[in-house]
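**Student:** Structure provided below as C-alpha cells; questions to follow.
The values are calculated or read from the model by the stated rules, or taken from the named source; none is laboratory data. The structure displayed is predicted, hence computed values, not measured ones. As a convention, Cβ positions derive from the backbone with ideal geometry for all residues, glycine included, and neighbour counts pool all protein chains shown. With ligands, DNA and RNA removed, areas are computed over all heavy atoms of the protein, side chains included. Shrake-Rupley method; radii C 1.70, N 1.55, O 1.52, S 1.80 Å.
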Amino acid sequence: MSAGATGKTNTAGLEFEVRPNPRPTPPDERAALLVNPGFGRIFTDHMVTIRYSDTKGWYDARLEPYGPISLSPATAALHYAQEIFEGLKAYHSPDGGITLFRPEANARRMQLTCDRMAMPRLPEEEFLTAVRLLVERDREWIPTQEGGSLYIRPFMFATEVFLGVKPSSEYLFCVIASPAGSYFAGGVQPVDVWVSAEYTRAAPGGTGAAKCAGNYASSLVAQAEAIEAGCDQVVFLDAVERRYVDELGGMNVFSVYGDGDDVTLVTPPLAGTILPGITRESVLALAGQFGWRVEERQYAVDEWQADAESGLLRESFACGTAAVVTPIGRVRGADLDFTIGGGAEGPVTRRLRETLLDIQHGRVEDTHGWVHRLA
Ligand SMILES: *Cc1c(COP(=O)(O)O)cnc(C)c1O
C-alpha cells in the first residue's frame, strides 16, 4: 500500500486522506534524535486518525501531521476511561525492507478488547492500513542501529461529550509511532520482580484480558511499591486466592523446567484474568517447534519458590513486545526472597529471545508467517 505525496488511499472500506506534514523534522535533527531514542518520548512526523459515530460508522480516515488533539473537558474517555490500546514494532530488515511482527494479531486482539469495553470493532483491514500508512510515511524514523525498532501505538477512546454513564456513541482511533533503541543495548540484565501482597490486577469477570488503559492505572501503585522495594517490575497474583502467579503489570510470565532437549515451559492459562500476549503465543509456538513441552496451568507462588530453591526450576522469564524475552533473576515480596538460576540468564530464555529477535529483524527465515513486509 503506498500513497502519493498527497491524495487519497483506498482500502476495502475506507478512503484514507493523506495530509503530509508541511514542516517535517529536518533530517539532521531527526538523525540526532535517533542516536539514543530511549523509549516512548520521541514521536514521528505523522499520525493516523479515524473517527467513529453510531450514525456514520467509521469515517474521516486520514494520515496527518502528528500533533495535539483538542477535546472538550466533558469528553467521555476523560471521565469513565473507555480507552484501549495496542503495541507493536516495525523493523528494518537486512535487505533494506521494513517488516512488522504479527500486526494481524494486534488487529484481532484490539477487536476483542473493543468487545469487552463496549466499543465498536475497527475492521482488521482498516487497522492494518492505518499502521502501514504511518510506517511507510515515517520510515526514516525507524532506527538503523542494532536492535532498534519503531514502536507503534494504536489506541482508541470515547469522544462523546456527555457525562452520563453509558458506552460512548463516538470514538477516535489513532496510531502514533515512536523510535525505540535496543532494549538490550547494555547487555541482557535479568530483572528483579516484586510479588504484590496487597494489590491485584484483574479479577474473574473483570478486564484482565483486555488491553485497556484502566488496567494500567490500577497497576501503578503496585509498580511504585516494587520500585520502592528496589525491584524492576511487579508480579500480580490471582485475585481470588492470592496464590497463583498471573502476570507482570505489562508482561506475561514463564518458568522453565529441565534442560537440553528435555525442557518444559510452564505459564498461566488464558482464563480471563491475564492479557493474551502475542509474544507469549509466539513463545509457545517456538517451544513446539523446538520439541519442548508446554504446560498452561495455574502456577502457585509457593511452587515457584520451592522449585527455585531446590534447583528443579532452572529459569523464569517475562515476555512482551517492548522487552521481548527478559530473564527474571530474583523474586521478592513481603516475606519472600529467592533467586532463580543463580540470578543469571539461562540457555532456554536466551534461545527464545535470540530466535524471536532474529525472526523480527528478518535475520532468519520466518517459517510461521509472522513477518509482514511493507513496501
Ligand atoms: C500488552 C501486554 C502484554 C504483552 O503482550 P504482547 O502482545 O506480547 O506485547 C502482557 N501483559 C499485559 C498486561 C499487557 O498489557
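**Student:** Evaluate the stretch 141-154: report whether one residue or more is among the charged types (D, E, K, R), assigned to a helix (DSSP H, G or I) and open to solvent by 40 Å² or more (accessible area, probe 1.4 Å). Break it down into steps so the answer makes sense when it comes.
**Tutor:** Pass one, the stretch 141-154, residues among the charged types (D, E, K, R): 146, 153.
Subset that is assigned to a helix (DSSP H, G or I): none.
There is no residue in the stretch 141-154 that is among the charged types (D, E, K, R), assigned to a helix (DSSP H, G or I) and open to solvent by 40 Å² or more (accessible area, probe 1.4 Å).
**Student:** Return yes when Leu134 is open to solvent by less than 10 Å² (accessible area, probe 1.4 Å), part of a loop (DSSP other than H, G, I, E, B) and of a type in the set (A, V, I, L, M, F, W, C) and no when it is not.
**Tutor:** Details: open to solvent by less than 10 Å² (accessible area, probe 1.4 Å): yes; part of a loop (DSSP other than H, G, I, E, B): no; of a type in the set (A, V, I, L, M, F, W, C): yes.
Answer is no for this residue.
**Student:** Also: Quickly run through the stretch 195-242 and pick out the residues that are of a type in the set (Ser, Thr, Tyr) and in contact (Cβ under 8 Å) with a residue 60 or more places away in the chain.
**Tutor:** Here is the first cut: in the stretch 195-242, the ones of a type in the set (Ser, Thr, Tyr) are 196, 199-200, 207, 216, 218-219.
Correct list: Ser196, Thr207.
**Student:** In the stretch 42-55, what residues are open to solvent by 20 Å² or more (accessible area, probe 1.4 Å) and either modelled with pLDDT under 95 or within 13 Å of Glu140 (Cα to Cα) (or both)?
**Tutor:** Passing the criteria: only Phe43.
**Student:** A follow-up question, please. How many of the residues making up the stretch 155-169 are of a type outside the set (A, V, I, L, M, F, W, C) and surrounded by fewer than 18 Cβ atoms within 10 Å (Cβ to Cβ)?
**Tutor:** So the answer is 4.
**Student:** Limited to the stretch 365-375, what total is found for residues that are exposed (fewer than 12 other Cβ atoms within 10 Å of the Cβ) and more than 13 Å from Tyr91 (Cα to Cα)?
**Tutor:** The total comes to 3.
**Student:** Are any residues in the stretch 58-90 closer than 30 Å to Ser282 by Cα, open to solvent by 10 Å² or more (accessible area, probe 1.4 Å) and either basic (Lys, Arg) or in a strand (DSSP E or B) (or both), and if so, which ones?
**Tutor:** Correct list: Glu83, Phe85, Lys89.
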